[in-house]
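In what follows, a structure is listed as structure tokens, so that the remarks can point back to it.
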Amino acid sequence: MAGFKTHITTSSVLGVAYGGAGALWLHSPSGEIPIATCVLGAGLCSVGGMLPDLDSDTGIPLRETVAFIAATVPLLMMDRLSQMGVSSEAMVAAGVVAYLIIRFGLLAILKKFTVHRGMFHSLPAALIAAEIGFLLCSGETMEQRYYKGGGLLLGFMSHLILDEIWSIDFSHARLKSSFGTATKLWGSSRLANVGVYIFVIMLGLIVWKDPGFVSSVETQLKQGKSVQHIAIEELKTLFR
């Protein structure tokens, strides 16, 4: 399979191309896809190239990827929380909690429950990455958020495709045993398969409901309702 440096280099180059394409063809005087959005989309593409290696058992890929995600996610959350009317103190607290959960909790979970080339190396996992990217990122228009989620998806897919290319023995014109394990739709674990597809569907529902979610939460916060009450109400709305 391709090495960590190869993956991050490829996704970074693709990110530059993705950001450049956005700036050239999608940017407009009206600011539908601002230059700043193009730059962030490029960065997310670069990050996406690291994400499948979250199932690495040990070593640099897992450690570096988790550390980078732990630092990046709170930053992406800030504007989203601001749109919901969350106070600055609460945003800082949420950012710290998110960092600690990802940096230590997620790392421990990944080491215990994942196997390399498991469902993190799959097409539904790429879709999950795009959905999470869309939900974490803010934007004045839906197109801006789609663009950012697309950057994450592109980077993730570059990792999977590189792994498949590295599974071809060109010198002997044959396929290695690892061929097909990166761009699969399901793996050998039934529990992992079910869990991944449930996650895809759940996130898909949230993405579908998201346009009205922020305004609903903001309204309820202004009405003085508690976070617990809002969470329960939004979960009810999700499944209506």
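Here, each number is a calculation from the coordinates, and none is a lab measurement. Here the structure is a predicted model, which means the values were calculated and not measured.
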Q.
With just the Cα atoms defining each centre, how far is segment 40-101 from segment 109-123? Give it in Å.
A. 19 Å
Q. Taking a quarter of the surface of the Cα convex hull of segment 105-169, what do you get in nm²?
A. 5.3 nm²
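Assuming a ≥ b ≥ c are the square roots of the Cα gyration tensor eigenvalues, decide whether segment 1-159 counts as rounded (a/c under 1.5), prolate (otherwise, with a/b larger than b/c) or oblate.
Numbers: a/c = 2.23, a/b = 1.20, b/c = 1.87.
Because a/c hits 1.5 or more and a/b fails to exceed b/c, segment 1-159 counts as oblate.
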Q.
Quick query: amide H of residue 184 versus all other amide H atoms, modeled in the peptide plane; which residues come in under 5 Å with a sequence gap of 5 or more or a different chain?
A. 123
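Do the alpha carbons of any pairs in 148/225; 5/184; 148/209 sit beyond 29 Å of each other, and which pairs? Display every interim value, and only then the final one.
Numbers: 148/225 31 Å; 5/184 23 Å; 148/209 18 Å.
Over 29 Å Cα-Cα: 148/225.
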